[in-house]
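Visitor: Handing you a structure now.
The values are calculated or read from the model by the stated rules, or taken from the named source; none is laboratory data. Given the structure is predicted, the values throughout are model-derived calculations rather than measurements. Cβ atoms come from the backbone with ideal geometry, glycine included; neighbour counts cover every protein chain shown.
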Amino acid sequence: FFSCLFFLDVRCATTVVEMTKSGKTQSPYQKVIQYLDNIGATHLCRWIPKKWEKVGHVIVLRYVAELHEFEKEVGNAFIKVFPDVDVVVVDGHGVQGELRQPTSRVVMQREGGPCSGTTEVLHIENGVKYKWDVLQIMFSSGNTKERIRFRREVKAKDEIVVDMFAGLGYFSIPLAMATAVNRPRHVYCIEKNPTSHHYLKENVQLNKVGDTVTTMCGDNREVGEELLGTANRVLMGYLPTPVTFLPRAYAFLDPLQGGVIHYHYTATKAECVTLPAQHVAEMLGPLGVVVVSQEEPGVGSGTVAGDLDLAEDRGSGARGGEARTEAALLEGTVDEATCVSQTLGPAARACPARPVVCTFLKVHCIKSYCPQVFHWIAEMDFRPHTLTPNTTCP
């Protein structure tokens, strides 16, 4: 069985795999086109996708309406061209529903192939093992750099981490496998989809992080009550935007020390900073959170900026803030009660001396989501700010 579990490989027209008799290189795409030409199916060539995902013995093709009635012929071409492929799957219409389940279906299997009949695969990425069924669970190869960054760069030493949308453990398992200088004390993974949770538990065992990772199956708004007020870091990896879950994420944070929320969302380049700030203000402002104004960094034309560093470290405060009320709040130069009332609303008036300041540490562009819209992650730091040191909340 384990011979069916290999690596994920994004194949495209620029991938060189072999030499032709003339000495020229030939890509996987060119091999498929040549095969179709040879069998007299040239009319299909113009619609063949130029890139696809190969996960072990499975190739996943995106749906092309013009090829719908020829899917078996196309699937057979891939089986013939690639001897290590036993199953060809078409991804119908991406993912659907709250649980983001794929709409994929099998269109061709190799007769007598060693892995025919199974769509369960294993992907090894940066030393992390992910096992799942491609017909039941989504896996985005476009998030690879962020998953790698979580293992190599995110500084979470001795932290309590809550992953609200854990999936297969996309981000939480790499974080749990970080080196000792960055490794969290414990990671709690919450996943609502029972099938995803099944594979999440398997992946925890495959990667031998059971001592660091605890999994929970259920809606993160209903499970994990014992984690409220304990976390130093919260992961919100859900698209298109988990804005309505922000109050729950905020509730997981330690109220005395605060912490960081990794907030995934979709936005254009122009609104990549203003949109998440607006989400925080709308959802958490009534809970006593002030979004510190930043001098909005420009995002250059052409390719989307990979990282926008908005603060050098935690609690660095505003840089170039233009909103007088918030700047004055931090400096304590105006009447505290008036300032908090204007900025935070009624919920904060009970304790005007301890607003919580939200500072944007970094904004990452992960990948394209749809035309002119991109998948972003904002790392937002939440810290209690005491205006009057001698004042205590009732």
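Visitor: What are the pairs with Cβ atoms under 7 angstrom where one residue, in segment 149-176, is of a type in the set (Ser, Thr, Tyr) and the other, located anywhere, is in a helix (DSSP H, G or I)? Sequence gap at least six, or different chains.
Guide: 170/143; 170/147
Visitor: Evaluate segment 157-180: report whether one residue or more is more than 16 Å from residue 52 (Cβ to Cβ), modelled with pLDDT under 90 and either within 20 Å of the chain's Cα centre (by Cα) or not assigned by TED's automatic domain parsing to the domain that holds residue 54 (or both). Working first, answer last.
Guide: Taking segment 157-180 and keeping what is more than 16 Å from residue 52 (Cβ to Cβ), we get 157-180.
In the following step, the residues that additionally are modelled with pLDDT under 90 were identified as none.
No: zero hits.
Visitor: Give the residue, chosen from 83, 114, that is assigned to a loop (DSSP other than H, G, I, E, B) and at pLDDT 90 or above. Steps first, please.
Guide: On the way: 114 fails: at pLDDT 90 or above.
Criteria check complete, one pass: 83.
Visitor: Being over 25 Å from residue 138 (Cα atoms) and surrounded by 18 or more Cβ atoms within 10 Å (Cβ to Cβ) is the filter here; which residues of segment 37-69 pass it?
Guide: 44
Visitor: Got a sec? Which strands (runs of 3 or more DSSP E) wholly within segment 184-243 have at least 2 residues that are in contact (Cβ under 8 Å) with a residue 40 or more places away in the chain, farther than 29 Å from residue 278 by Cβ and not basic (Lys, Arg)?
Guide: Correct list: 213-217.
Visitor: Still on this model: Run residue 174 past the list (1) farther than 30 Å from residue 59 by Cβ; (2) in contact with a helix residue (DSSP H, G or I) (Cβ under 6 Å, 6 or more places away or on another chain); (3) crowded, with 19+ Cβ neighbours inside 10 Å and report the number of the one that doesn't hold.
Guide: Going through (1) farther than 30 Å from residue 59 by Cβ; (2) in contact with a helix residue (DSSP H, G or I) (Cβ under 6 Å, 6 or more places away or on another chain); (3) crowded, with 19+ Cβ neighbours inside 10 Å one by one, residue 174 breaks only (1).
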